[in-house]
Amino acid sequence: YAAARAADFGPQETSNLLWALARFGADEDEECADGLRALADAATQRVAEFETQHLANVAWALATMQLEAPLLVRALLEEAVPRLQDFKTQEVANFAWAVARLGVDDAQVYQAVLRVAVGRLPEMNAQELANLAWACSTGGLEWAGEAQALLVEFNTKAHGGKPQELSNVAWALARAGALDARSVQALAGQAMAKADEFKPQEIASLVWAFATAEVEHVALLHCFAGRAAAKIDLFKPKELSSLLWAYAVCGAADPRLLRAAAGRALSVLKELSLQSLCNVAWAFAALQPDAPEALFRALEDELCRRLEAWEAQALSRAEQRSFAEDLMSAALALRFAGRLGAPAAAAIRAAVRRVGAAL
C-alpha cells in the first residue's frame, strides 16, 4: 500500500508512517522493502515542506532501521541544519543521535547541533542529554568544555536515568576527555544503584569509560564484576574484549569474572576481531597469568592463524600504529606471564615488520 501511495502522502503522513514502521521493526521484514524505498524517495522530494518534527522523526526512523537512503539523508541535513534553532530539545537530541547512528562524517553538522544545544541543556531530560553526548562523541567532535557542562546538568537528573543513559554519558565523556574523579563519583553512585538492570553492552561501556578516563572506582568494579560474571554468556565478542581490557587497565583481577570470562573467551574465540583477540590475550596475561593452559594455548593458536593472513595495507596509518601498540602490549604481557610461545613470537615479529614497511 505504501509503495503504491507514497507520492500522495503529505509530510505529516510520511513522517508518521516511517516513524511507526521503525518502531515496529519493518526493516526486518523483506515484504516491507519496496514500501520503505518508496517512502524514502517520496520524502526526499518533499523535505522542503517538512516541519522540524518531521525532519527529526524521519532522521530517527532512517537511523533506527539503518535504511540505505543517501539522497534522503543529504536532503535532511541540508534542510535541518539551518533550522536547528527552531527545533525543540527532544528534536535536537533525536536528530543528533540519528545523524551519528547514520555515520554522517561532517564535523560542521555536529558543531551546529552542539551550538544550539549548549544554551538549552537545562531544558533537556536525562535521555536527551545522553543521546546528545553519545552523538557528539560518536561524531568525533572535540567538545570537552561543553561535555563538562552537559555532565553537570545530567547529574542533576540522573536519579531517573536508565542504565543505557548512564553508560552512554560515561562513554561519551570518556571519549571527550571530560570524565574526571568527581564526575566518576556521581555517575558511579547512580550506576551501582541500578546495577541489576544493566545489560552486558551497558556494563562493558561503563567500565570501559572509567578505565579510559584512568579513574579507578574499586566499589563499582567489584559491583559490576559479579553482574558481568552472572551474564557472561550474553556478552558479544566485542563487549567481552572491552570488559576484560577495562578490568586489566584498572588492575582489578576479580576471580568470579575471570573464571566466567575464560570460558566465554574460548567459546567466541573465532568471532573476536584481531584487535579484540590481542586485548583478551593481554588482559588474561596481565590479570591471571596462571589461567588454564588451554586458554593461553587457544589464544596463541588463534593469534598465529590470524596474523598469517593479516595485511597491514588494509588499515589506515593511524589504525596500523594503534594495532602495532596492541600487538606489542599483548606480546609483552604474554612474555611476562611466561605464556609467549615461539610460534606466536615469530608471528608477532613478522606482523610488526609488515606494519613498519607499510608506514
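The values are calculated or read from the model by the stated rules, or taken from the named source; none is laboratory data. The structure displayed is predicted, hence computed values, not measured ones. Every residue, glycine among them, receives a Cβ derived from its backbone with ideal geometry; neighbour counts consider all protein chains shown. These accessible areas exclude ligands, DNA and RNA; they are computed on the full protein's heavy atoms, side chains included. Shrake-Rupley method; radii C 1.70, N 1.55, O 1.52, S 1.80 Å.
Some notes on this structure:
- When the Cα atoms of region 284-359 are aligned to their principal axes, the ranges along those axes come out at 36, 20, 15 Å in descending order.
- Low-density loop positions, GluC sites (Glu not before Pro), region 301-359 - DSSP coil, at most 13 other Cβ in 10 Å: GLU311
- For the chain, averaging the sequence separation of C-alpha pairs within contact (under 8 Å, six or more residues apart) and dividing by the residue count gives a relative contact order of 9 percent.
- Sites MET192 and ASP29 - FRET efficiency at Förster radius 56 Å, r taken between beta-carbons, to 0.05: 0.90
- Helical contribution to [θ] at 222 nm, DSSP H n ≥ 4, -39,500 (n - 2.57), averaged over the chain, rounded to 500: -22500 deg cm²/dmol
- Short to long, the 5 Å bins of the Cα pair-distance histogram for region 222-359 hold 2, 11, 22, 24, 19, 12, 7, 3, 1, 0 percent of all pairs.
- Rg followed by Dmax, in Å, when region 1-151 is reduced to its Cα trace: 15.3, 50
- For the chain, accessible area per residue (1.4 Å probe, heavy atoms of protein chains only), Å²: 47
- Taking 18 Å as the cut-off, the amide N atoms of region 39-61 that come nearer than this to a point 7 Å along the Cα-to-beta-carbon line of LYS88 belong to 50-61.
- The alpha carbons of region 1-42 give a radius of gyration and a Dmax of 9.4, 25 Å, in that order.
- Share of Cα-Cα pairs in the chain lying beyond 40 Å, as whole percent: 24
- Of the GluC sites (Glu not before Pro) found in region 207-259, the ones in coil according to DSSP and having at most 12 other Cβ atoms within 10 Å of their Cβ are GLU214.
- Between ARG5 and ARG353, the modelled labels are 6.8 nm apart [label points 7 Å from Cα along Cα→Cβ].
- Remark on region 167-263: ratio of C-alpha radius of gyration to 2.2 N^0.38 Å is 0.96.
- Spacing of the modelled spin labels on SER322 and ALA219, each 7 Å from Cα toward Cβ, amounts to 3.4 nm.
- Largest first and in whole Å, the equivalent-ellipsoid semi-axes of region 104-223 read 23, 15, 13, each the square root of five times a Cα gyration tensor eigenvalue.
- Percent carbon-and-sulfur accessible area, region 273-359, ignoring ligands, DNA and RNA, probe 1.4 Å: 55
- Note that region 10-77, at 37 °C in a medium of 0.692 mPa s, gets a Stokes-Einstein diffusion coefficient of 285 µm²/s from its Kirkwood radius over C-alpha pairs.
- By accessible area, using a 1.4 Å probe on protein heavy atoms only, region 37-171 has 46% of its surface on carbon and sulfur.
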